[in-house]
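Written below as structure tokens is the structure these notes are about.
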Amino acid sequence: MIYYQFRITMSGIAKESQEIANLVHSTSIHLLRTLRQEDSKTGLSAPRLSALSVLVFRGPVTLGDLAAAEQVRPPTMSRIVDALVELGLATRTRSKDDKRITHISSTRKGVEVMHAGRERRVRVLARAIKALDPEQREQMRSTFQLLKTALSSM
């Protein structure tokens with residue numbers, strides 16, 4: 001694997017913190033690319049899978065909120081949702097209070113697809129982590145707990 005070092009200049013941020021942030025960023029991208037290979041087994045495109053993930057883990061949302069969460073325009077999200085509905089992975093429900101509002105939610109099938117995908121990704125990670133010795137695994141656990149703490153302050 002080839003990792004490129006980038007010079008990052010941020011005033012007021014210690015060089016050590018910048019180096020750690022760069023390492024976390026690069027590793028995270030590499031990890032996501034590796035795990036994305038498992039996502040292809042769902043048969044869904046990355047945009048459809050990402051939108052379904054929002055529906056499964058956030059719950060029912062409006063088209064506008066889903067488009068904002070996925071950083072796309074509403075017409076683009078409408079086409080993605082149309083496909084998810086056609087595949088039986090999502091449903092549209094009109095608001096009882098305001099008929100102009102439609103809520104989009106995942107179906108049971110959508111939830112099953114997401115959970116099966118998550119299990120595949122976790123299984124890939126678990127195999128890689130299993131190859132480490134016990135001390136390294138504990139160090140990894142501690143590191144990610146620290147990262148989780150750091151991220152909670154953002």
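Below, the figures for the structure above:
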{"quantity": "Residues whose placed amide H lies under 5 Å from that of Thr62, excluding near-sequence neighbours", "calculated": "Ile104"}
{"quantity": "Carbon and sulfur %, accessible surface of the chain computed with the full protein complex present, 1.4 Å", "calculated": "56"}
{"quantity": "Over the chain, equivalent-ellipsoid semi-axes from the Cα gyration tensor in Å", "calculated": "35, 21, 15"}
{"quantity": "Contact order relative to length of the chain, as percent, for alpha carbon pairs under 8 angstrom and 6 or more apart", "calculated": "20"}
{"quantity": "Rounded accessible area per residue of the chain, 1.4 Å, Å²", "calculated": "76"}
{"quantity": "For the stretch 107-121, 3J(HN,Hα) per residue [Karplus equation, 6.51 cos²θ - 1.76 cosθ + 1.60, θ = phi - 60°, Hz, x = Gly/Pro]", "calculated": "8, 4, 4, x, 4, 5, 4, 5, 5, 5, x, 5, 4, 5, 5"}
{"quantity": "Along the chain, longest interval not containing exposed trypsin sites (Lys or Arg not before Pro), exposed being DSSP loop plus at most 10 other Cβ atoms within 10 Å", "calculated": "8-95"}
{"quantity": "Gain on full stretching of the segment that runs from Lys99 to Lys130 - 0.36 nm per residue minus C-alpha separation", "calculated": "5.9 nm"}
{"quantity": "Degrees separating the helix 74-86 axis from the principal Cα axis of the chain, which is the longest one", "calculated": "80"}
{"quantity": "Calculated FRET value between Lys109 and Thr76, using beta carbons and R₀ = 22 Å, to 0.05", "calculated": "0.45"}
{"quantity": "Net charge over other residues, Cβ less than 9 angstrom from the Cβ of Ala46 (K, R count +1; D, E count -1)", "calculated": "+1"}
{"quantity": "Nitroxide proxy distance, nm - points 7 Å out along Cα→Cβ at Ser28 and Met140", "calculated": "1.9"}
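The values are calculated or read from the model by the stated rules, or taken from the named source; none is laboratory data. Please read these numbers as outputs of a predicted model, since none were measured by experiment. Note that we place each Cβ from the backbone using ideal geometry, even for glycine, and neighbour counts take in every protein chain shown. With ligands, DNA and RNA removed, areas are computed over all heavy atoms of the protein, side chains included. Shrake-Rupley method; radii C 1.70, N 1.55, O 1.52, S 1.80 Å.
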